[in-house]
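J.: Before I ask anything, here is the structure I am working with.
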Amino acid sequence: MLGQKCQPAVAILFPDCFDDWLIDLGVALESFCDQMMGSWAFSYAQALNSTGVLAILFCISIQVRVPTRCIHKPTGAIIYFLPPSKIYRFFRRRRPIDATVSQPLRIADGLRITPWRFLRRLVATHVDTPLSLLFKELRNEGCKVLLVQEYETARFDLCVLFGKIKQVKVFGTFQGGQPLSALLRPLRRLAMWLCAGLLIPAAREANRVMSTYGVPPQKLDHVYSPVDFSIFYPSPKEESRRSLGIPANTRVVMYHGAINLSYKGLDVLLEAWNQLRNCRSNEDLRLFIIGTGDDAARFFRLISDKQLGGIEWMNQWVHDRHLIRRYLSSADVYVFPSRGDACPNAVIEAMACRLPIVASEVNGIPDLLKDGKQACGLLVPSEDPRAVAKALDDVLSDPTLARELGHQAFCRAKELFSMEAVGKQLRSILLN
């Protein structure tokens with residue numbers, strides 16, 4: 001530890017309900033340390049490492065009783081698992097928290113937001129993080145910079161205030177989270193003004209923050225998630241399909257990521273898939289899905305109830321990124337109908353593999369895909385399965401369009417999303 005204090009360090013704080021997230025993905029703490037990738041935080045850690053900055057990831061977990069330190073093998077980052085507060089443990093025992101702050105309470109999924117459910121979630125965001133313990137470990141590691149996932153949270157407010165006392169610069173980042181309650185707006189406004197800065201990959205969100213909280217533009221930085229081009233790159237389609245047993249004449253649509261029906265828009269995807277198959281019934285059309293999550297059982301029932309054919313679903317969190325790259329390289333088009341993602345790693349990985357993208361027009365996705373002559377994909381409304389089906393049909397029907405969109409996607413990824421480019425940007429923002 002002493003030797004590492006000479007190396008500049010940046011701490012990254014994962015969101016609350018960390019254990020629920022791992023359970024939904026079927027990932028144990030050991031696998032999280034040894035294999036886990038696919039999160040913006042790991043991508044940031046890898047990008048920072050490319051510029052000589054040590055990343056320290058902090059996760060609040062009920063699975064530990066004392067601070068537990070380990071190394072994240074894929075990136076070399078340090079991971080700390082910290083026990084939550086006793087008050088948080090009490091609320092966890094009464095009933096599990098419904099959702100993380102980065103994925104709002106899912107009214108569309110039929111959840112009834114009772115006062116008790118709202119109170120539990122509001123309290124959880126205030127008390128889950130053991131602030132004294134967190135800042136003690138930051139001091140032990142010689143770390144003076146903390147990046148908090150989602151600034152529209154009470155933990156961000158508290159970290160900013162604590163950081164002022166402990167002389168730690170606290171930054172916030174936007175990953176799709178929305179305000180939980182307007183009651184906290186005065187404290188949020190203060191935290192926004194006192195924080196060191198905000199990393200926001202979505203122009204619309206940046207404008208909202210400036211207009212809502214009066215944050216000056218010089219406090220905001222437009223930072224994308226990076227992609228590892230040694231892992232994700234365009235492999236020959238024929239070779240990739242041979243290795244996966246996919247026939248050469250099959251038309252392939254691809255999605256990978258969490259299985260969360262409402263947040264990821266997978267209910268929209270299934271309806272769009274049904275419409276697409278109906279209008280292209282004479283083709284061997286397949287939808288490849290890689291990933292799992294809290295809605296896996298409901299997703300399976302939807303597929304069964306609708307009797308949807310042509311879907312090949314790998315219902316697990318796949319750690320082998322080379323395998324994911326082969327599936328991406330074998331696809332004709334990538335689809336991402338999310339209702340809330342800010343700067344999805346999955347879309348950037350597909351762009352790096354030269355895939356044309358069909359994605360919903362929410363948060364930072366339009367910033368990723370651009371429009372006009374430099375468009376990397378087709379943007380569609382987030383609640384419109386007919387628009388998704390039509391956009392997929394347009395790409396599959398027009399090889400020239402697909403080739404041009406894929407080329408633009410690859411060029412944009414190379415220019416803006418490399419580990420080196422984002423790493424230099426992060427180092428400049430966080431350490432200067």
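J.: Here is a list: Arg403, Arg386. Which entry is more than 30 Å from Val168 (Cβ to Cβ), exposed (fewer than 15 other Cβ atoms within 10 Å of the Cβ) and touching a Pro at 6+ places or on another chain (Cβ under 9 Å)?
T.: None of the others qualify; the one that does is Arg403.
J.: Could you say which residue among Arg280, Arg241, Arg298 is more than 27 Å from Val362 (Cα to Cα) and surrounded by fewer than 19 Cβ atoms within 10 Å (Cβ to Cβ)?
T.: Sole residue among the options that is more than 27 Å from Val362 (Cα to Cα) and surrounded by fewer than 19 Cβ atoms within 10 Å (Cβ to Cβ): Arg280.
J.: Check whether at least one residue in region 177-195 is modelled with pLDDT under 95, in contact with a Gly (Cβ under 9 Å, 6 or more places away or on another chain) and surrounded by 19 or more Cβ atoms within 10 Å (Cβ to Cβ), and report yes or no.
T.: yes
J.: Tell me which residues, restricted to region 250-269, are over 17 Å from the mean Cα position of the chain (by Cα) and either of a type in the set (Ser, Thr, Tyr) or surrounded by fewer than 22 Cβ atoms within 10 Å (Cβ to Cβ) (or both).
T.: Thr250, Arg251, Asp267
Quick grid of which residues meet (1) surrounded by fewer than 15 Cβ atoms within 10 Å (Cβ to Cβ); (2) free of Cβ contacts under 8 Å to residues at least 24 places away in the same chain; (3) among the hydroxyl-bearing types (Ser, Thr, Tyr):
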site	(1), (2), (3)
Gln316	yes, no, no
Arg325	no, no, no
Ala331	no, no, no
Tyr334	no, no, yes
Gly340	no, no, no
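J.: Which condition number in (1) out of contact with any Ser or Thr (no Cβ under 7 Å at 6 or more places or on another chain); (2) small (Gly, Ala, Ser); (3) crowded, with 19+ Cβ neighbours inside 10 Å is the one that Ser43 fails?
T.: Unmet for Ser43, out of (1) out of contact with any Ser or Thr (no Cβ under 7 Å at 6 or more places or on another chain); (2) small (Gly, Ala, Ser); (3) crowded, with 19+ Cβ neighbours inside 10 Å: (1).
J.: So is Val66 β-branched (Val, Ile, Thr) and over 26 Å from Gly176 (Cα atoms) or not?
T.: So Val66 fits the description; yes.
J.: Before we move on, is Leu147 assigned by TED's automatic domain parsing to the domain that holds Leu57, farther than 27 Å from Ser360 by Cβ and outside any loop (DSSP other than H, G, I, E, B)?
T.: no
Yes/no matrix, rows are residues, columns are (1) modelled with pLDDT under 95; (2) not in a helix (DSSP H, G or I):
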| residue | (1), (2) |
| --- | --- |
| Val209 | no, no |
| Glu239 | no, no |
| Ile246 | no, yes |
| Tyr255 | no, yes |
| Ser281 | yes, yes |
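J.: Now a separate question. If a residue has to be basic (Lys, Arg) and either touching a residue at least 60 places away in the same chain (Cβ under 8 Å) or under 21 Å from Val347 (Cα atoms) (or both) to count, how many in region 187-226 make the cut?
T.: 1
J.: Can you tell me which of (1) at pLDDT below 95; (2) buried (at least 21 other Cβ atoms within 10 Å of the Cβ); (3) over 17 Å from Val148 (Cα atoms) is the one Pro84 doesn't meet?
T.: (3)
J.: Moving on. Return only the number of the condition from (1) out of contact with any strand residue (DSSP E or B) (no Cβ under 8 Å at 6 or more places or on another chain); (2) in a helix (DSSP H, G or I) that Ala346 does not satisfy.
T.: The failed condition is (1).
J.: Of the conditions (1) crowded, with 18+ Cβ neighbours inside 10 Å; (2) assigned to a helix (DSSP H, G or I); (3) modelled with pLDDT of 95 or more; (4) of a type outside the set (Asp, Glu), Arg139 satisfies every one except a single condition; which number is it?
T.: All conditions are met except number (1).
J.: Restricting to region 151-176, name every residue that is at pLDDT 95 or above and at positive phi.
T.: Gln167
J.: Residues of region 145-161 being buried (at least 18 other Cβ atoms within 10 Å of the Cβ) and out of contact with any Gly (no Cβ under 7 Å at 6 or more places or on another chain), which ones?
T.: Val145, Leu147, Gln149, Ala154, Arg155, Asp157, Leu158, Cys159, Val160
The values are calculated or read from the model by the stated rules, or taken from the named source; none is laboratory data. Computed from a predicted structure; not experimentally measured. All Cβ positions, even for glycine, are placed from backbone atoms using ideal geometry, and neighbour counts span all protein chains on display.
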